[in-house]
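Take a look at the structure set out below.
The values are calculated or read from the model by the stated rules, or taken from the named source; none is laboratory data. The structure presented is a predicted model; accordingly, all values stated were derived computationally and were not measured. Ideal geometry is used to build each Cβ from the backbone, glycine not excepted, and the neighbour counts take in all protein chains shown. SASA here: full protein model, heavy atoms, side chains in, ligands and nucleic acids out. Shrake-Rupley method; radii C 1.70, N 1.55, O 1.52, S 1.80 Å.
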Amino acid sequence: MSEHSHKTIVVTGGSKGIGRAVCEAFSAPGARIFFNYATDAAGAAETERRITAAGGTGKGVQVDVSSEDEVKAFLDGVIKETGGLDVLVNNAGITRDGLIVRMKTSDWDAVMDVNLKGAFQASKIAAKAMLKQRSGRIINISSVVGASGNPGQANYVAAKAGLIGLTKALAKELASRGITVNAVAPGYIETDMTAAMTDAQREAMIAQIPLGRPGTSREIAAAVRFLASEEAAYITGHVLHVNGGMYM
Ligand code: NAP
(Lines give C-alpha, C1' and ligand atoms only; values in the text may rest on other atoms or scores of the structure.)
Protein backbone atom coordinates (compact mmCIF):
# COMPACT_ATOMS: atom_id res chain seq x y z
CA MET A 1 0.00 0.00 0.00
CA SER A 2 1.18 3.51 -0.79
CA GLU A 3 2.47 5.76 1.98
CA HIS A 4 -0.42 8.12 1.16
CA SER A 5 -3.08 5.55 1.89
CA HIS A 6 -5.79 6.77 4.23
CA LYS A 7 -4.42 10.28 4.06
CA THR A 8 -6.51 13.36 3.55
CA ILE A 9 -5.25 15.66 0.82
CA VAL A 10 -6.69 18.99 -0.29
CA VAL A 11 -5.71 20.52 -3.63
CA THR A 12 -7.03 23.92 -4.70
CA GLY A 13 -7.81 24.30 -8.41
CA GLY A 14 -8.03 20.61 -9.31
CA SER A 15 -10.29 20.71 -12.37
CA LYS A 16 -7.48 20.78 -14.92
CA GLY A 17 -3.76 21.31 -15.53
CA ILE A 18 -1.27 21.06 -12.70
CA GLY A 19 -3.93 20.73 -9.99
CA ARG A 20 -5.49 17.71 -11.69
CA ALA A 21 -2.04 16.11 -12.12
CA VAL A 22 -1.37 16.67 -8.40
CA CYS A 23 -4.68 14.97 -7.53
CA GLU A 24 -3.71 12.05 -9.76
CA ALA A 25 -0.24 11.82 -8.24
CA PHE A 26 -1.74 11.37 -4.76
CA SER A 27 -4.37 8.89 -5.95
CA ALA A 28 -4.01 5.47 -4.37
CA PRO A 29 -6.24 3.05 -2.52
CA GLY A 30 -7.37 4.71 0.69
CA ALA A 31 -6.33 8.24 -0.27
CA ARG A 32 -9.06 10.83 0.23
CA ILE A 33 -8.53 13.71 -2.14
CA PHE A 34 -10.66 16.83 -1.94
CA PHE A 35 -10.23 19.58 -4.50
CA ASN A 36 -12.04 22.71 -5.55
CA TYR A 37 -12.52 24.64 -8.77
CA ALA A 38 -13.99 27.95 -9.94
CA THR A 39 -16.35 27.12 -12.82
CA ASP A 40 -15.28 23.98 -14.71
CA ALA A 41 -17.66 21.30 -13.38
CA ALA A 42 -16.94 18.95 -16.30
CA GLY A 43 -13.20 19.20 -15.65
CA ALA A 44 -13.82 18.50 -11.96
CA ALA A 45 -15.87 15.40 -12.82
CA GLU A 46 -13.01 14.14 -15.01
CA THR A 47 -10.51 14.65 -12.16
CA GLU A 48 -12.83 12.73 -9.81
CA ARG A 49 -13.04 9.93 -12.37
CA ARG A 50 -9.25 9.68 -12.61
CA ILE A 51 -8.80 9.63 -8.83
CA THR A 52 -11.38 6.85 -8.53
CA ALA A 53 -9.78 4.89 -11.39
CA ALA A 54 -6.51 4.93 -9.42
CA GLY A 55 -8.28 3.54 -6.35
CA GLY A 56 -8.63 6.74 -4.33
CA THR A 57 -11.65 8.73 -3.28
CA GLY A 58 -12.03 12.06 -5.01
CA LYS A 59 -14.45 14.91 -4.40
CA GLY A 60 -14.45 18.19 -6.29
CA VAL A 61 -16.47 21.18 -5.13
CA GLN A 62 -17.08 24.62 -6.53
CA VAL A 63 -15.35 26.92 -4.07
CA ASP A 64 -13.89 30.31 -4.85
CA VAL A 65 -10.53 30.48 -3.07
CA SER A 66 -10.80 34.25 -2.86
CA SER A 67 -13.90 33.95 -0.66
CA GLU A 68 -13.02 33.61 3.01
CA ASP A 69 -16.39 32.09 3.89
CA GLU A 70 -16.33 29.53 1.07
CA VAL A 71 -12.76 28.41 1.84
CA LYS A 72 -13.55 28.07 5.54
CA ALA A 73 -16.70 26.05 4.89
CA PHE A 74 -14.83 23.80 2.41
CA LEU A 75 -11.86 23.04 4.64
CA ASP A 76 -13.83 22.79 7.87
CA GLY A 77 -16.10 20.31 6.08
CA VAL A 78 -13.15 18.18 4.95
CA ILE A 79 -11.61 18.19 8.43
CA LYS A 80 -14.94 17.28 10.05
CA GLU A 81 -15.56 14.47 7.55
CA THR A 82 -12.12 12.87 7.75
CA GLY A 83 -10.90 13.92 11.20
CA GLY A 84 -7.80 15.76 9.99
CA LEU A 85 -5.78 17.11 7.09
CA ASP A 86 -2.41 15.71 6.04
CA VAL A 87 -1.53 17.69 2.92
CA LEU A 88 -2.68 21.05 1.56
CA VAL A 89 -1.58 22.04 -1.94
CA ASN A 90 -2.30 25.69 -2.75
CA ASN A 91 -2.43 25.50 -6.54
CA ALA A 92 -5.39 27.61 -7.75
CA GLY A 93 -4.16 30.49 -9.84
CA ILE A 94 -5.11 32.97 -12.54
CA THR A 95 -3.35 35.54 -14.71
CA ARG A 96 -4.54 39.02 -15.76
CA ASP A 97 -1.51 40.20 -17.70
CA GLY A 98 -0.75 43.76 -18.76
CA LEU A 99 1.88 46.44 -18.56
CA ILE A 100 1.85 48.40 -15.32
CA VAL A 101 0.75 51.65 -16.98
CA ARG A 102 -2.38 49.94 -18.25
CA MET A 103 -3.04 47.48 -15.46
CA LYS A 104 -6.43 47.97 -13.88
CA THR A 105 -6.68 47.88 -10.11
CA SER A 106 -9.35 45.19 -10.54
CA ASP A 107 -6.79 43.00 -12.40
CA TRP A 108 -4.27 43.52 -9.62
CA ASP A 109 -6.86 42.67 -6.98
CA ALA A 110 -8.20 39.58 -8.77
CA VAL A 111 -4.73 38.03 -9.14
CA MET A 112 -3.80 38.83 -5.53
CA ASP A 113 -7.11 37.52 -4.22
CA VAL A 114 -6.89 34.14 -5.96
CA ASN A 115 -3.14 33.44 -6.02
CA LEU A 116 -2.04 34.88 -2.69
CA LYS A 117 -5.02 35.57 -0.42
CA GLY A 118 -6.53 32.22 -1.40
CA ALA A 119 -3.40 30.43 -0.21
CA PHE A 120 -3.36 32.44 3.03
CA GLN A 121 -6.99 31.59 3.76
CA ALA A 122 -6.63 27.89 3.07
CA SER A 123 -3.35 27.70 5.01
CA LYS A 124 -4.94 29.40 8.01
CA ILE A 125 -7.68 26.78 8.33
CA ALA A 126 -5.31 23.90 7.49
CA ALA A 127 -2.73 25.08 10.03
CA LYS A 128 -5.27 24.90 12.86
CA ALA A 129 -5.93 21.21 12.14
CA MET A 130 -2.26 20.42 11.51
CA LEU A 131 -1.13 22.13 14.74
CA LYS A 132 -3.62 20.01 16.66
CA GLN A 133 -2.46 16.77 15.05
CA ARG A 134 1.22 17.87 15.18
CA SER A 135 1.89 16.94 11.58
CA GLY A 136 1.12 18.16 8.10
CA ARG A 137 2.47 19.41 4.82
CA ILE A 138 1.62 22.65 3.03
CA ILE A 139 2.89 23.05 -0.53
CA ASN A 140 2.40 26.30 -2.43
CA ILE A 141 2.56 26.46 -6.22
CA SER A 142 4.57 29.59 -6.97
CA SER A 143 6.23 30.24 -10.35
CA VAL A 144 9.63 30.76 -11.91
CA VAL A 145 8.60 34.39 -12.48
CA GLY A 146 8.12 34.87 -8.74
CA ALA A 147 11.90 34.56 -8.52
CA SER A 148 13.01 35.97 -11.88
CA GLY A 149 10.41 38.71 -12.53
CA ASN A 150 8.59 39.07 -15.85
CA PRO A 151 7.45 42.13 -17.79
CA GLY A 152 3.69 42.44 -18.24
CA GLN A 153 2.91 40.39 -15.15
CA ALA A 154 3.47 42.75 -12.20
CA ASN A 155 0.36 41.46 -10.42
CA TYR A 156 1.12 37.75 -11.02
CA VAL A 157 4.83 38.10 -10.19
CA ALA A 158 4.05 39.99 -6.99
CA ALA A 159 1.56 37.30 -5.96
CA LYS A 160 3.97 34.45 -6.77
CA ALA A 161 6.86 36.17 -4.94
CA GLY A 162 4.43 36.76 -2.08
CA LEU A 163 3.73 33.03 -1.97
CA ILE A 164 7.45 32.40 -1.50
CA GLY A 165 7.43 34.81 1.46
CA LEU A 166 4.31 33.14 2.87
CA THR A 167 6.02 29.75 2.51
CA LYS A 168 9.10 30.85 4.47
CA ALA A 169 7.13 32.61 7.21
CA LEU A 170 4.83 29.63 7.75
CA ALA A 171 7.74 27.19 7.60
CA LYS A 172 9.30 28.97 10.59
CA GLU A 173 6.01 29.44 12.40
CA LEU A 174 4.82 25.83 12.13
CA ALA A 175 8.08 23.82 12.25
CA SER A 176 8.01 23.17 16.00
CA ARG A 177 4.80 21.15 15.53
CA GLY A 178 6.19 18.90 12.79
CA ILE A 179 4.57 20.77 9.91
CA THR A 180 6.61 21.51 6.80
CA VAL A 181 5.81 24.29 4.33
CA ASN A 182 7.45 24.40 0.91
CA ALA A 183 6.90 25.88 -2.54
CA VAL A 184 7.21 24.43 -6.02
CA ALA A 185 8.06 26.97 -8.71
CA PRO A 186 7.15 25.63 -12.16
CA GLY A 187 8.71 27.03 -15.31
CA TYR A 188 6.80 26.90 -18.59
CA ILE A 189 4.22 24.12 -18.41
CA GLU A 190 1.71 23.47 -21.18
CA THR A 191 -1.76 23.84 -19.64
CA ASP A 192 -4.87 25.94 -20.33
CA MET A 193 -3.11 28.81 -18.57
CA THR A 194 -0.35 28.95 -21.19
CA ALA A 195 -2.50 27.86 -24.17
CA ALA A 196 -3.21 31.45 -25.21
CA MET A 197 0.40 31.93 -26.34
CA THR A 198 1.07 32.33 -30.07
CA ASP A 199 3.43 29.88 -31.81
CA ALA A 200 6.07 32.63 -31.92
CA GLN A 201 5.74 33.27 -28.17
CA ARG A 202 5.94 29.54 -27.51
CA GLU A 203 9.11 29.19 -29.57
CA ALA A 204 10.67 32.22 -27.86
CA MET A 205 9.84 30.67 -24.48
CA ILE A 206 11.34 27.29 -25.40
CA ALA A 207 14.50 29.02 -26.64
CA GLN A 208 15.07 30.19 -23.03
CA ILE A 209 14.86 26.64 -21.63
CA PRO A 210 18.19 24.74 -21.52
CA LEU A 211 16.35 21.40 -21.59
CA GLY A 212 14.70 22.58 -24.81
CA ARG A 213 11.05 21.75 -24.09
CA PRO A 214 8.11 22.79 -21.94
CA GLY A 215 7.52 20.89 -18.72
CA THR A 216 4.51 18.70 -18.05
CA SER A 217 1.93 18.90 -15.29
CA ARG A 218 3.04 15.42 -14.21
CA GLU A 219 6.59 16.66 -13.66
CA ILE A 220 5.28 19.39 -11.35
CA ALA A 221 3.01 16.92 -9.57
CA ALA A 222 5.99 14.60 -8.95
CA ALA A 223 7.83 17.43 -7.17
CA VAL A 224 4.76 18.14 -5.02
CA ARG A 225 4.40 14.45 -4.22
CA PHE A 226 8.05 14.31 -3.16
CA LEU A 227 7.70 17.30 -0.82
CA ALA A 228 4.68 15.58 0.77
CA SER A 229 6.54 12.29 1.23
CA GLU A 230 8.29 10.92 4.32
CA GLU A 231 11.61 11.25 2.48
CA ALA A 232 11.16 15.04 2.46
CA ALA A 233 10.50 15.31 6.21
CA TYR A 234 13.62 17.45 6.80
CA ILE A 235 12.91 19.94 3.98
CA THR A 236 11.02 23.09 4.95
CA GLY A 237 10.93 26.68 3.72
CA HIS A 238 12.33 25.52 0.40
CA VAL A 239 11.47 26.65 -3.12
CA LEU A 240 11.84 23.72 -5.50
CA HIS A 241 12.36 25.05 -9.03
CA VAL A 242 11.07 22.70 -11.74
CA ASN A 243 11.82 24.64 -14.89
CA GLY A 244 14.18 22.79 -17.23
CA GLY A 245 17.01 25.13 -16.25
CA MET A 246 15.13 28.26 -17.35
CA TYR A 247 16.11 30.06 -14.15
CA MET A 248 18.90 29.01 -11.78
P1 NAP B 1 -5.04 26.22 -15.22
O2 NAP B 1 -4.92 25.09 -16.17
O3 NAP B 1 -5.58 27.52 -15.69
O4 NAP B 1 -5.87 25.72 -13.91
C5 NAP B 1 -6.14 26.62 -12.87
C6 NAP B 1 -7.00 25.94 -11.82
O7 NAP B 1 -7.29 26.89 -10.78
C8 NAP B 1 -8.34 25.45 -12.35
O9 NAP B 1 -8.72 24.29 -11.67
C10 NAP B 1 -9.27 26.60 -11.96
O11 NAP B 1 -10.65 26.23 -11.85
C12 NAP B 1 -8.69 26.95 -10.61
N13 NAP B 1 -9.11 28.29 -10.18
C14 NAP B 1 -8.93 29.47 -10.80
N15 NAP B 1 -9.49 30.46 -10.09
C16 NAP B 1 -10.03 29.90 -8.99
C17 NAP B 1 -10.77 30.40 -7.88
N18 NAP B 1 -11.05 31.70 -7.74
N19 NAP B 1 -11.17 29.52 -6.94
C20 NAP B 1 -10.90 28.19 -7.06
N21 NAP B 1 -10.22 27.67 -8.08
C22 NAP B 1 -9.79 28.51 -9.03
O23 NAP B 1 -3.60 26.58 -14.60
P24 NAP B 1 -2.28 25.67 -14.43
O25 NAP B 1 -1.36 26.03 -15.54
O26 NAP B 1 -2.61 24.28 -14.13
O27 NAP B 1 -1.68 26.40 -13.12
C28 NAP B 1 -1.81 25.86 -11.82
C29 NAP B 1 -0.92 26.69 -10.88
O30 NAP B 1 0.43 26.63 -11.36
C31 NAP B 1 -1.28 28.16 -10.84
O32 NAP B 1 -1.09 28.66 -9.54
C33 NAP B 1 -0.27 28.79 -11.77
O34 NAP B 1 -0.06 30.15 -11.48
C35 NAP B 1 0.94 27.93 -11.52
N36 NAP B 1 1.94 27.96 -12.58
C37 NAP B 1 1.62 27.52 -13.85
C38 NAP B 1 2.61 27.57 -14.82
C39 NAP B 1 2.35 27.12 -16.24
O40 NAP B 1 3.26 27.30 -17.07
N41 NAP B 1 1.22 26.54 -16.56
C42 NAP B 1 3.88 28.05 -14.52
C43 NAP B 1 4.15 28.46 -13.24
C44 NAP B 1 3.17 28.41 -12.26
P45 NAP B 1 -11.61 26.28 -13.18
O46 NAP B 1 -11.09 25.17 -14.07
O47 NAP B 1 -12.96 26.01 -12.64
O48 NAP B 1 -11.42 27.62 -13.77
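Between helix 217-227 and the chain, what is the angle of the helix's C-alpha long axis to the longest principal axis, kept within 0 to 90° and rounded to the nearest 10?
50 degrees
Run the reach check for K16 against aspartates and glutamates, Cα to Cα strictly under 12 Å, same-chain hits fewer than 8 apart removed. What comes back?
Excluding near neighbours in sequence, the set is E24, D40, E46, E48, E190, D192.
On a 0 to 90 degree scale, rounded to 10, what angle separates helix 41-53 from the longest Cα axis of the chain?
So the helix axis and the longest Cα principal axis differ by about 50 degrees.
Mind putting a number on the dipole of the range 8-238 about its Cα centre? Charges go on the C-beta only, +1 for Lys and Arg and -1 for Asp and Glu, and I need it in Debye to the nearest 20.
On the way: 25 positive and 23 negative charges, 118 e Å.
Computed charge dipole of the range 8-238: roughly 560 debye.
Over 27 Å between C-alpha atoms is what I'm after, so list which of K104/K128; K117/K168; K132/K160; K59/K104 land there.
Cα-Cα > 27 Å for K104/K128; K132/K160; K59/K104; rest within.
What are the radius of gyration and Dmax of the chain, computed over its Cα atoms and given in Å?
Spelled out, the Cα radius of gyration and Dmax of the chain are 17.1, 54 Å.
According to a simple spin-label model (label point 7 Å from Cα along Cα-to-Cβ), what is the distance in nm between E203 and T57?
5.2 nm
Could you tell me what percent of the accessible area of the range 8-238 is made up of carbon and sulfur, with a 1.4 Å probe and every protein chain present?
On the way: 5700 of 10610 Å².
Carbon-and-sulfur percentage of accessible area, whole number: 54.
Please list the non-local residues whose amide H lies under 5 Å from the amide H of D40, H modeled 1.01 Å from N, same-chain partners needing a gap of 5 or more.
none
Restricting to DSSP loop positions (anything but H, G, I, E, B) with no more than 11 other Cβ atoms inside 10 Å of their own Cβ, which trypsin sites (Lys or Arg not before Pro) remain in the range 100-144?
Here the sparse-neighbourhood loop sites are K104, R134.
Using a 10 angstrom cutoff on alpha carbons, build the Gaussian network for the chain and name the most mobile of I141, I100, I235.
Per the Cα network of the chain with a 10 Å cutoff, I100 tops the list.
Near the amide H of G60, under 5 Å away, which other amide H atoms are found, from residues 5 or more places off or on another chain, if H is placed in the peptide plane?
Sorted by chain and number, the residues that satisfy this are F35.
If contacts are Cα pairs under 8 angstrom and at least 6 residues apart, what is the relative contact order of the range 8-238 in percent?
After rounding, I find 20 percent.
Which Rg and Dmax, in Å, describe the Cα atoms of the range 15-151?
15.8, 51
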